[in-house]
Every structure is written in structure tokens, then in C-alpha cells.
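Presented below is the structure to which this report refers.
Nothing in this text is a laboratory measurement; each read-out follows from the coordinates by a stated rule. Predicted model, so just to flag it, every value in this text is computed and none were measured. Backbone-built Cβ (ideal geometry, glycine too); neighbour counts: all protein chains shown.
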Amino acid sequence: MKKQRRIKHLKNMGLDVWLKLDATEVITNDTNQNKNKVIKSIELCDDCNTSHKYSNHNPTIDSVDLLILGDANEDYSSNQAHMIKLEKLLENIIYSIGIRIEKVSKVDVCCVNFLNRKIEEIQPSRILVFDPLLANKILGTNDETDILRECQHELNGILLYVTFNLVDILNNPDLKRLAWKDFCLLRKDMENK
């Protein structure tokens, strides 16, 4: 039954090719009943005067397994249908990796100071950056996307993984297979922690 639920989530992502990389354990909607308790906030940054959005950080949760980073400069609020597709894709990615939704926090960030404060506050086990350009900014590098994606990085003592921009994954089916390899690397590491 678990495999059938995983297949459902992978199909919802439009990723039939991902089935070849299937793992044994899966977290699905059945085990993520607390997702309605998602906390979404907007905080004005003192350093860059930008509104940073973050969600799922609940101080009552012991720890956050995964901090997802996106670029605060990308605004999709004008296209509600596109925003819903992105949120659904992200939700299915989280389920397919095998992480409970309440153990994931998402931060849209544009300045490193804000990010460092959030990392200190949230204390995630791992970080996943959905944008190679943002990853270069955070890591202080100027690497190509493939170089960023093929290995683990470290930020403030926390392992960091890089994949393609979520919008690019949604719009380009060819990137889904490559992105799945990034997610499998993260999942394998989290299983071994």
C-alpha cells in the first residue's frame, strides 16, 4: 500500500520516471495530518528592508529536519493558479523524500543576515536550496549549476543541498529527472543521519 501512495505522489508531480529510483519508506498525506497547522509569516528584515516570507516554523516542534530556501525576489502572488501548482509540487517533493510536512520549514530569503538569523532560530538538520543563483549568493561562490548540485555543501555547520529553481522544475519536464537525483541524495543522507 505504501508503494501505491508513493506512486500517487510521484504522478501528482508528473514524474513517472522517478519510479525507477523508488525507496521503501514513504511519508504521505495519511502521516501528514498536521499540515493544516502550517504557520505562514512575513517578516520585514532590518538589514535589507525586504519582506521575507517563511512558513512551517512552529516553536512547539522539537526540531526541523529540512529548511527549504527560495528567493524572496520571486513574486508569484499575482498568478494564483501558478502559485497553487508550485505549492502542490513542493508538497509532493517533500512527501516523496519521506519527510513529515511539520518537520519542514520554508524561508524565502534575499539577504544572508536574515538567513543566518533564521538558521539560528530554526536549527534545521539539513538545508535544500531551490535556486542555484541563491545558493551561490549564500555560499559566496560563483559555481555552475551542475557543480553546485553534485555535492553537499556546508553552511553554519549544516549540510546544504542545491537543486533547480522550483519554477524551472515545474515548467521543464526534463529537469524533473535531474532534480529527483538531487532529492535522492538528500533523502539518502537523511536516512543515514
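Annotations for the structure displayed:
- Residue count for region 164-193 satisfying the condition of being closer than 23 Å to S125 by Cα and part of a helix (DSSP H, G or I): 15.
- Matching residues, region 127-155, being touching a residue at least 60 places away in the same chain (Cβ under 8 Å) and among the charged types (D, E, K, R): D131
- Failed item, numbered, when P124 is tested on (1) free of Cβ contacts under 8 Å to residues at least 12 places away in the same chain; (2) surrounded by 14 or more Cβ atoms within 10 Å (Cβ to Cβ): (1)
- In this entry, D182 is excluded by the filter for residues that are among the acidic types (D, E) and out of contact with any Phe, Trp or Tyr (no Cβ under 7 Å at 6 or more places or on another chain).
- For region 94-106, the count of residues that are farther than 24 Å from L175 by Cβ, in contact (Cβ under 8 Å) with a residue 12 or more places away in the chain, acidic (D, E) and out of contact with any Leu (no Cβ under 8 Å at 6 or more places or on another chain) is nonzero.
- Tally of residues being more than 14 Å from I97 (Cβ to Cβ) and either more than 17 Å from the chain's Cα centre (by Cα) or exposed (fewer than 15 other Cβ atoms within 10 Å of the Cβ) (or both) across region 169-191: 5
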